[in-house]
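Quick note: the coordinates plus some simple rules give every number you see, no bench work behind them. Treat the numbers as computed from the prediction; the structure is a model and nothing was measured. Glycine also receives a Cβ, built like all others from the backbone with ideal geometry; neighbour counts cover every protein chain displayed.
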Amino acid sequence: MRNAQVAATRTSHEALNTNKLIRNTYMLLAMTLVFSAVTAGISMAINPPFIVYLGSVIASFVMIFILNRMQNSVWALPLTFLFTGLMGFGLGPLLNHYLALPNGGQIVMTAMSMTALTFLGLSAYVLTTRKDFSFMGGFLAAGMMVALIAMVVLLVLPFFGIQISGLSLAFSSLVVLLMAGFILYDTSNIVNGVYSNYVMATVGLYLNIYNLLVHLLHLVGVMSDD
């Protein structure tokens, strides 16, 4: 009887911690997305060169390393907003590029709508069913290795005069599939108590949404090209 009470108390405590983690993660995610939208709007108004977007991608790798080291310190939240703000600012030149295309507004709104619906649909499914998608970890890690190698190849091939439009389309398709998988995987880890730090859980979901949007922009832009 005593053991049963202890087990029930422990289960209840774990459930409370998980619910708190879910609440904090999605509250912080909502705030960082709004903050990113503001910095993206500022960037679009300033209209910096496209290299700013590439710089934000490079800076993101450094910031993720720093955040991982500082995730349990008082600097975790300020660094999270700095990270997402920089990512949003870097998105400005990319959005301006697509908005300058024929039907640019439609391209951007379609990609944003698809990103939102994909994220909300997949997250809602995991939050509702509590299904464990941790088994996807190995597949996603392998997929990311393939994506990183493909990204390097896409950067190198133009120097040899090789057209990469078809490969670039395939690469974006791969990333979209990977990000959908990571949304399932990360949300599952949050719901099932695998993740314990809401800052890093937020950063993971934010990156999934960010990369999903960037590559859906590319795919929708190509499909809309006359």
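Filtering the stretch 96-106 to residues that are touching a Gly at 6+ places or on another chain (Cβ under 9 Å) and of a type in the set (A, V, I, L, M, F, W, C) leaves Leu99, Leu101. The single condition among (1) within 20 Å of the chain's Cα centre (by Cα); (2) exposed (fewer than 13 other Cβ atoms within 10 Å of the Cβ) that Phe83 does not satisfy is (2).
Evaluated against (1) loosely packed, with under 13 Cβ neighbours inside 10 Å; (2) part of a helix (DSSP H, G or I); (3) touching a residue at least 12 places away in the same chain (Cβ under 8 Å), Pro49 falls short on exactly one condition, (2).
Of the residues Leu117, Leu148, Leu122, the single one that is within 20 Å of the chain's Cα centre (by Cα), within 25 Å of Val38 (Cα to Cα), part of a helix (DSSP H, G or I) and among the hydrophobic types (A, V, I, L, M, F, W, C) is Leu117.
Examine the stretch 180-198 for a residue that is of a type in the set (Gly, Ala, Ser), under 14 Å from the mean Cα position of the chain (by Cα) and assigned to a helix (DSSP H, G or I), and state whether such a residue exists. Yes: one or more hits.
Among the residues of this structure, Val220 does not count as one that is in a helix (DSSP H, G or I), touching a residue at least 24 places away in the same chain (Cβ under 8 Å), within 27 Å of Gly92 (Cβ to Cβ) and under 14 Å from the mean Cα position of the chain (by Cα).
Return the residues of the stretch 60-117 that are touching a Leu at 6+ places or on another chain (Cβ under 8 Å), polar (S, T, N, Q) and closer than 15 Å to Ala40 by Cβ; say none if nothing qualifies. Residues satisfying the conditions are Ser60, Thr84, Thr115.
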